[in-house]
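For reference, the structure discussed in these notes is given below.
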Amino acid sequence: MKTYRIAVLRGDGIGPEIVNEAVKVLEKTAAVCGFEVTLTPALLGGAAIDETGVPLPEETIAVCKASDAVLLGAVGGPQWDSQPGSNRPEKGLLGIRKALGLYANLRPAVIFGPLRAASPLKSEIIGGDLDLLVVRELTGGIYFGERSTGTENGERFAWDTERYAEHEIRRIVQTAFEMAEKRRGRLTSVDKANVLDTSRLWRSIVDEMAKDHPTVMVNHMYVDNCAMQLVRNPGQFDVIVTSNLFGDILSDEASMISGSIGMLASASLGDSGFGLYEPIHGSAPDIAGQNKANPLATILSVAMLLRYSLNEAAAADRIEQAVAKALAQARTADIYTEGCGAKLVTCTEMGDIVTALIE
Ligand code: IPM
Ligand code: MG
């Protein structure tokens, strides 16, 4: 029987709770679809700081590298706020993306039919089905540029730098073209080319590469305009490709349009299909340990893991179908509304319901 090795990084806050439910679903799916998974836990973020003193132990990188894919919960929490910038839980997340070469971050924002009323946008603005994909560059740009702080003329200063090399832009734009070709054939490249040199380089590379992808309709948009267009007419977007920082900001905005950040999954991919999969939402320390969190984004991250890293598309479909069915009967508190026709359930109950619906 085919066996896949999955590294499991539960992380902090609600991370362990939601990952446990996702693992239940993964194991049931494997049994139904006829493959095996071996799960190896490893530490990341605050949990790793508490245990080892650092947010990204070498051991964790080794476990991930020895696996076919990585499943991650979430990292961070107020108890580590006093850590110096170089040793915060978030540093572990940035470090693992870099160490594993995961330069392409795919963040789909979709509206799940039964949850349409949860969107803060008016129905006529949403239009038909919302289904857009933010492709965010993940291992370069201002996140990883040189930075410094100091004192000059009696006052404090700080600086961060944005730097992109051509190959870093080419590979993420290539991923975005491939995604657009598989979807509705539209690609919006988002930059700030009226101000930044990195953006002007980005834009010229997109134009060069467009010639090799004649079936994709490409347009450029300034990031400020894109932030506005996302709430004015989100239906105009299919695939958005952008830098690390702009993608961080726009993907939060896009996820909110869907009304249910607790539902959205993400994939971070390198070359060769290896990837790390995690919900878009954070570690939600305010509800940690209360069995209230919505495990569906993590469960849907497992579906992405099966599709992109393990080539088990049929298994991924089963999970997505089970989630759709589960929503008709049950909702966690974040997506529950009075009169929605579904019953209010806990994190573990939701995991059990989805698991039972995998067939
Ligand atoms: C994200 C998060 C991270 C980022 C933080 C936690 C460092 O906001 O994954 O979007 O900025 O990349
Ligand atoms: Mg973010």
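With respect to Met350, is the statement that it is buried (at least 23 other Cβ atoms within 10 Å of the Cβ), farther than 26 Å from Arg97 by Cβ and among the hydrophobic types (A, V, I, L, M, F, W, C) true?
yes
It is to be established whether one or more residues within region 32-46 are closer than 21 Å to Gly275 by Cβ, β-branched (Val, Ile, Thr) and either modelled with pLDDT under 95 or in contact with a Gly (Cβ under 7 Å, 6 or more places away or on another chain) (or both).
No, there is no match, as no residue in region 32-46 is closer than 21 Å to Gly275 by Cβ, β-branched (Val, Ile, Thr) and either modelled with pLDDT under 95 or in contact with a Gly (Cβ under 7 Å, 6 or more places away or on another chain) (or both).
A quick yes/no check of all residues on (1) free of Cβ contacts under 8 Å to residues at least 12 places away in the same chain; (2) surrounded by fewer than 24 Cβ atoms within 10 Å (Cβ to Cβ); (3) basic (Lys, Arg):
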{"site": "Thr3", "(1), (2), (3)": "no, yes, no"}
{"site": "Gly11", "(1), (2), (3)": "no, no, no"}
{"site": "Lys28", "(1), (2), (3)": "no, yes, yes"}
{"site": "Ala42", "(1), (2), (3)": "no, yes, no"}
{"site": "Thr52", "(1), (2), (3)": "yes, yes, no"}
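Yes/no per residue for (1) under 28 Å from Ala316 (Cα atoms); (2) among the polar types (S, T, N, Q):
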{"site": "Gly11", "(1), (2)": "yes, no"}
{"site": "Val25", "(1), (2)": "yes, no"}
{"site": "Glu36", "(1), (2)": "yes, no"}
{"site": "Leu39", "(1), (2)": "yes, no"}
{"site": "Leu43", "(1), (2)": "yes, no"}
{"site": "Thr60", "(1), (2)": "yes, yes"}
{"site": "Ala74", "(1), (2)": "yes, no"}
{"site": "Gly77", "(1), (2)": "no, no"}
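Does at least one position in region 115-129 carry a residue that is more than 20 Å from Arg171 (Cα to Cα) and in contact with a strand residue (DSSP E or B) (Cβ under 6 Å, 6 or more places away or on another chain)?
no
Looking at (1) buried (at least 16 other Cβ atoms within 10 Å of the Cβ); (2) more than 13 Å from ligand 1 (Cβ to nearest atom); (3) farther than 20 Å from Pro295 by Cα, which is the only condition Lys91 fails?
Here Lys91 clears every test but (2).
List the number of the failed condition for Asn294; all other conditions in (1) under 16 Å from Val134 (Cβ atoms); (2) part of a loop (DSSP other than H, G, I, E, B) hold.
Of everything listed in (1) under 16 Å from Val134 (Cβ atoms); (2) part of a loop (DSSP other than H, G, I, E, B), Asn294 misses just condition (1).
Table: residues versus (1) hydroxyl-bearing (Ser, Thr, Tyr); (2) touching a helix residue (DSSP H, G or I) at 6+ places or on another chain (Cβ under 9 Å); (3) in a helix (DSSP H, G or I); (4) not assigned by TED's automatic domain parsing to the domain that holds Lys2.
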{"residue": "Thr38", "(1), (2), (3), (4)": "yes, no, no, no"}
{"residue": "Glu59", "(1), (2), (3), (4)": "no, yes, yes, no"}
{"residue": "Ala62", "(1), (2), (3), (4)": "no, no, yes, no"}
{"residue": "Leu72", "(1), (2), (3), (4)": "no, yes, no, no"}
{"residue": "Ser86", "(1), (2), (3), (4)": "yes, no, yes, no"}
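If you take the residues of region 274-308 that are touching a Phe, Trp or Tyr at 6+ places or on another chain (Cβ under 7 Å) and within 16 Å of ligand 1 (Cβ to nearest atom), which of them is nearest to Arg97 (Cα to Cα)?
Here the answer is Gly275.
I'd like to check something: does region 156-163 contain any residue that is of a type in the set (Ser, Thr, Tyr) and in contact (Cβ under 8 Å) with a residue 24 or more places away in the chain?
No: zero hits.
Could you please let me know if Ala313 is among the hydrophobic types (A, V, I, L, M, F, W, C) and at positive phi?
When the stated conditions are applied, Ala313 does not pass them.
Would you check which residues across region 102-111 are closer than 14 Å to Ser260 by Cα and touching a helix residue (DSSP H, G or I) at 6+ places or on another chain (Cβ under 6 Å) and list them?
The answer is Arg107, Ala109.
Output the residues belonging to region 162-199 that are farther than 19 Å from Asp131 by Cα, touching a strand residue (DSSP E or B) at 6+ places or on another chain (Cβ under 8 Å) and of a type in the set (Lys, Arg).
Scanning region 162-199 gives Arg171, Lys192.
Quick one: which strands (runs of 3 or more DSSP E) lie wholly within region 223-289 and hold at least 2 residues that are within 16 Å of ligand 2 (Cβ to nearest atom), in the same structural domain as Trp202 (by TED's automatic domain parsing) and in contact with a Pro (Cβ under 6 Å, 6 or more places away or on another chain)?
Answer list for region 223-289: none.
Being over 26 Å from the mean Cα position of the chain (by Cα) and in contact (Cβ under 8 Å) with a residue 12 or more places away in the chain is the filter here, so list the residues in region 330-343 that pass it.
To start, the set of residues in region 330-343 that are over 26 Å from the mean Cα position of the chain (by Cα) comprises 338-343.
Selection gives Cys340, Gly341, Ala342, Lys343.
The values are calculated or read from the model by the stated rules, or taken from the named source; none is laboratory data. Owing to the predicted nature of the structure, the values given are computational and were not obtained by experimental measurement. FYI the Cβ positions are ideal-geometry reconstructions off the backbone, even for glycines, and counts take in every protein chain you see.
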